[in-house]
Amino acid sequence: MANGATVFPSRNTNPSVLVSETTPGLVCAHHHLYSALARGMPPTPKVARTFREILEQVWWRLDMALDLETIEWSAKLGALEALEAGTTTIIDHHESPNAIEGSLSVIAAACSEVGVRVLPAYGVTDRHGPQGAKQGLAENERFLKGGGEGFVGIHAAFTCTDETLEAAAGLAEDLGVGVHIHVCEGPEDLEAPPRLMHLSRPDWLLAHSVHLTTDHQIQGTIVHNPASNLNTGVGYADPRRFANPVALGTDGIGGDVLGAFRLAHYLHRSVEPTASPEAAWRWLATGWDLVPSAKMDRVTWSYSPMEPWHVAFTPVVRPLEIEINGEVVWKDGAPTRVDPDEIRVKAQEQARRLHARL
Ligand SMILES: [Zn+2]
């Protein structure tokens with residue numbers, strides 16, 4: 001597991017090093033770019049009171065209404081908002097049951113246009129019958145075999161048959177990539193561990209894990225999504241209790257991973273008043289174990305020093321310049337490759353079209 005202090009110079013461990021304002025690019029280890037268009041959606045038909053009702057009333061209605069055009073503009077808006085927060089790499093988890101084929105390529109192209117690195121996955125599920133599960137698997141296979149970088153996605157064990165879980169795990173193993181799956185986000189998924197432990201491998205991404213028992217035997221990196229977990233009322237994951245590596249994500253609530261770091265630290269303090277922000281900083285740094293190329297990206301920040309005891313208590317830190325794959329994609333408060341106003345206007349148009357279809 002990465003030690004954040006070796007990457008972000010810390011005054012505690014390396015007092016002789018002059019702290020620079022430039023860091024590697026941040027990695028959001030669990031995102032849903034399509035949720036960029038959810039903001040402002042009309043009220044749900046029924047009030048959602050539980051995690052399952054939130055899925056049914058909000059996300060499973062929204063994902064049914066997605067088409068390739070809404071996916072494209074939500075990804076561009078999400079990529080733009082990631083850059084605004086110094087996030088150069090997005091690990092995306094996508095579902096669009098009525099527009100499966102080609103969806104991962106649309107996301108990859110949209111992010112590439114903005115200049116942001118994305119590793120997408122299509123979340124396979126049996127919610128729409130065995131044919132839907134097959135189509136989801138095929139989209140992962142098509143994208144990855146075509147040279148795309150990403151994961152094989154599974155929605156979650158509780159919406160999949162054992163056959164589908166085995167097929168997705170087998171596909172990932174054949175292609176030499178990990179599986180990106182929601183695990184025990186809510187109490188609905190408590191049966192996941194015995195169904196996944198024999199399939200899992202160290203390159204899996206286990207999003208949320210709020211209701212995962214501490215002594216579970218699923219291999220992989222746990223992705224902690226503090227803002228989303230609070231918003232869905234599923235509880236505190238308390239990721240310090242796991243032996244697995246821990247990374248940070250937003251679960252679709254924007255691309256601000258430093259924000260996720262701050263919230264992760266505050267929540268850590270809420271259960272352990274002496275906790276150091278170095279712990280959440282290490283979770284942030286795990287992103288570079290998942291996507292080492294992000295370490296070569298350079299973000300020059302509006303604040304110095306970029307070290308945990310400072311950043312935890314500096315709520316607004318902005319990137320001044322961002323270089324991804326050797327190219328400057330952000331300068332003087334704006335993206336260099338795209339027109340941000342055009343993206344916002346087009347995304348708003350697509351959001352209105354999407355909301356009208358709900
Ligand atoms: Zn998620």
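Each value in this text was obtained by applying a stated rule to the coordinates, not by laboratory testing. Keep in mind it's a predicted model, so treat the numbers as computed, not measured. For neighbour counting, all protein chains shown are included, and Cβ atoms are generated from backbone atoms with ideal geometry for every residue, glycine included.
Numbers below:
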| quantity | calculated |
| --- | --- |
| Span-like helix ranges in the chain, DSSP H, alpha carbon extent 18 angstrom or more, Kyte mean at least -1.0 | 68-84, 162-175, 257-271, 277-290 |
| Exposure proxy ranking, count of Cβ atoms within 10 Å, fewest first, for Y122, Y34, Y303 | Y303, Y34, Y122 |
| Cα gyration tensor, region 219-358 - rounded (a/c under 1.5), prolate or oblate | oblate |
| Cβ charges +1 (Lys, Arg) and -1 (Asp, Glu), total dipole of the chain, debye | 680 |
| Using a Förster distance of 35 Å, the FRET efficiency for R353-Y236 (Cβ separation, nearest 0.05) | 0.40 |
| Sorted peptide list for 321-329, 79-87, 184-192, criterion being average Cβ within 10 angstrom, highest first | 79-87, 184-192, 321-329 |
| Extension gain from R142 to V271, taking 0.36 nm per residue of separation minus the Cα-Cα distance | 42.0 nm |
| Mean Cβ count within 10 Å, highest first, over the residues of peptides 147-155, 69-77, 165-173 | 69-77, 147-155, 165-173 |
| For region 178-264: Kirkwood Rh in Å [reciprocal of mean 1/r, alpha carbons] | 12.8 |
| Fully extended contour minus Cα-Cα distance, from M197 to E113, at 0.36 nm per residue | 26.4 nm |
| Label point distance in nm, N325-R61, each placed 7 Å from Cα along Cα→Cβ | 3.9 |
| Sequence of S302, S293, S228 once ranked by neighbouring C-beta atoms within 10 Å, starting from the fewest | S302, S293, S228 |
| Among 308-318, 229-239, the order from most to least packed when residues are scored by Cβ within 10 Å on average | 229-239, 308-318 |
| Computed FRET value (nearest 0.05) for S302 with D174, which takes r as the C-beta separation and R₀ as 45 Å | 0.50 |
| Three-way shape call for region 21-356 based on the alpha-carbon gyration tensor, with the a/c threshold at 1.5 | rounded |
| Estimated [θ] at 222 nm from DSSP helical runs (n ≥ 4, -39500 (n - 2.57)) normalised by residues in the chain, nearest 500 | -11000 deg cm²/dmol |
| Rough spin-label spacing in nm, given labels placed 7 Å along Cα→Cβ, for M41 and Q131 | 2.4 |
| Cα gyration tensor shape for region 289-347, rounded if a/c is under 1.5, else prolate or oblate | oblate |
| Label zone at D341, where the point sits 7 Å out along the Cα-to-Cβ direction: region 107-121 residues whose backbone N lies under 20 Å | 114 |
